Amino acid sequence: MHPAASVILFTTASGAGYGVLVLSPILLAFGILPADRWLGVALLAPALCLVTAGLLASTFHLGHPERAWRALSQWRSSWLSREGIMAIVTYGPAAAFGYAWIGLETASGGWAWTGIATATAAAATLFTTAMIYRSLKPIPAWATDWTIAGYLILGLLTGLIVITTVSSSFGFHPVRFQWLALALVVCAAIVKNAYWSRLAGTCRETEAMSGAAVGSDDGAITSIEWPHTEENYVLKEMGFRVARKHADRLRRATRNLLFVAPAIVFVVMPSLLPMPYLAWIAWPGAALVLVGVVLERWLFFAEARHVVTLYYGAS
Amino acid sequence: MTCLPQKTDRKLGLVIDLDTCVGCQACVTNCKEWNTGGHMAPLTDVQPFGPGADGVWFNRVHTYEVATPDGDSRTLHFPRSCLHCEDAACVTVCPTGASYKRAADGIVLVNEDKCIGCKLCSWACPYGAREYDATEGVMKKCTLCVDRIYNENLDEEDRVPACVLTCPTGARHFGDLGDPDSAVSQLAVQRGGKDLLPEMGYRPTNKYLPQRAKADHQTGAGPLAPLDETAGATGVLAWVDRMLTRAG
């Protein structure tokens, strides 16, 4: 699949933003994060900026962005529509939660419900994003629950990296951040490895369908003439072929940036470094992870093979 | 509304005969000709005569070589267009309601005034039937010539899709595949009409008739034997053949 920059930016930026919106109410409720006004500003402002920037980025690739409001109408059947609605709905509890944290410096009592609602709505938004891809049968690489697990876990991981980096700059880094980072990095590594190890099998299954694609079970099908001399829309959008050639190298880079780098910077280093220095390495560490998640998302699209490529004899 | 109708009154569609199709591209050309002025007009072309020529087409004809396990091979011309599926995921994924399947005849259409050009429907189609018009910013697709088949300004025999009307070998047939007694349904049954990619579960309306088996003297491993001009001669011709061979 063609890896459109707008969709990659949308899913990674909003993923990290929703990750913050899922985790920060929970961390606040368990007293792991303090209900400090300025920490609230420093966390919720970038989270809402990431989410909003992501949503705006997702409209860049539309042919008619001015009609984007129509995309909220078909929630009965369309995961894309459901995602748009959930993304907008999440602003409601997030605003109330932000008011409690920043305005009242509290997350207890009745205000705890705003946190629960924010975390639930943000997690539901991540889920609906994943379901857009999960539900596309012609892209067998995506048609697996590992796709859902990947979007959720990477949203949480990048969200935690944002929370850790910002709060360590406030001189605040509890040891439980390390344990949470360790758990999320391990889960993310398991999920992505499972996704990748399944991928080769889906390519073989797709190739086995080349006869069924053209209604022939007489033998091996070789494409000898395309209907067009140049690439058409179908090939440009769904016949992306560069990534599969370099898949191993790019996956290695993704693993290093997305799993190894945060394991060193956010799991091991906090035990070795005193506080002020930790904040200094957290920012470059977070930058590495964000590059890693962009690379992961680029591969998610570029590696995924659409069944329509069968018609062009791609293998 | 992008929910699919529970049931359509008719299932209008095509039956395409892969045995008869010669890959002449006439259906492709007449489709473009009609539809660039039809319901989804225009079918924009970009750089039509320059490098990187591109444009919107609803019908594409591929050519394949099919190599059989016994070492034989044959050419397959394969026209590819919208199959107007019963479980059309291109419709259900549409977030705006621009894509819809008609309850009356099962035709899958796009309302261009509602389309935001998100392209998700083209991702949901395993057959590559939808093509995006970058100039107009909307998705376009085969309409089964909805503006021909009900068009009372045309003579009755012309009220068929442009591709069917123009096919010089009669490889394309149009009709109601929901009616088991219709000519197209009967043809599909007689010739073992196939669904493309049934694994996908889209239940396409259009059927493809597989190529017939080759005649016995045309099959076999490797290239066909060269014709021997005098083999099989009988009577006087056989006697002349023998005499001339001996004289040579």
Problem - Options B:161, B:180, B:126: the member that is closer than 21 Å to residue B:42 by Cβ and either more than 14 Å from every other protein chain (Cβ to nearest Cβ) or surrounded by 18 or more Cβ atoms within 10 Å (Cβ to Cβ) (or both) - result: B:161
Handout entry: residue A:150 at positive phi, in contact with a helix residue (DSSP H, G or I) (Cβ under 8 Å, 6 or more places away or on another chain) and either outside any loop (DSSP other than H, G, I, E, B) or among the small types (Gly, Ala, Ser) (or both)
Key = no
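Looking at the stretch A:49-56, is at least one residue within 14 Å of another protein chain (Cβ to nearest Cβ) and closer than 15 Å to residue B:94 by Cα?
Among the residues of the stretch A:49-56, not one is within 14 Å of another protein chain (Cβ to nearest Cβ) and closer than 15 Å to residue B:94 by Cα, which makes the answer no.
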Exercise for the section: Might you check whether a residue that is assigned to a helix (DSSP H, G or I) and within 27 Å of residue A:171 (Cβ to Cβ) occurs anywhere in the stretch A:226-243? Expected result: no
Practice task
Go through the stretch B:189-205 residue by residue and tally those that are at negative phi and more than 14 Å from the chain's Cα centre (by Cα).
Solution key: 7
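Any idea how many residues of the stretch B:50-74 are at the interface with chain A (Cβ under 7 Å from one of its Cβ atoms), under 24 Å from residue B:163 (Cα atoms) and not in a loop (DSSP other than H, G, I, E, B)?
Adding up the residues that qualify gives 7.
For the condition in contact with a Leu (Cβ under 9 Å, 6 or more places away or on another chain), in contact (Cβ under 8 Å) with a residue 24 or more places away in the chain, surrounded by 21 or more Cβ atoms within 10 Å (Cβ to Cβ) and more than 30 Å from residue B:81 (Cα to Cα), what is the one hit in A:214, A:185?
A:185
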Exercise for the section: Would you be able to tell me the number of residues in the stretch B:45-90 that are among the polar types (S, T, N, Q), more than 16 Å from residue A:311 (Cβ to Cβ) and touching a Gly at 6+ places or on another chain (Cβ under 6 Å)? Expected result: 1
Exercise for the section: Return yes when residue A:78 is under 30 Å from residue B:89 (Cβ atoms), buried (at least 20 other Cβ atoms within 10 Å of the Cβ) and either modelled with pLDDT under 95 or of a type in the set (S, T, N, Q) (or both) and no when it is not. Expected result: yes
Practice task
Answer yes if at least one residue in the stretch A:25-44 is buried (at least 22 other Cβ atoms within 10 Å of the Cβ), modelled with pLDDT of 95 or more and within 14 Å of chain B (Cβ to nearest Cβ), and no otherwise.
Solution key: no
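The values are calculated or read from the model by the stated rules, or taken from the named source; none is laboratory data. Computed from a prediction, not measured in an experiment: that's the story for all the values here. Reconstructed Cβ throughout: ideal geometry from the backbone, glycine too, with neighbour counts over all protein chains shown.
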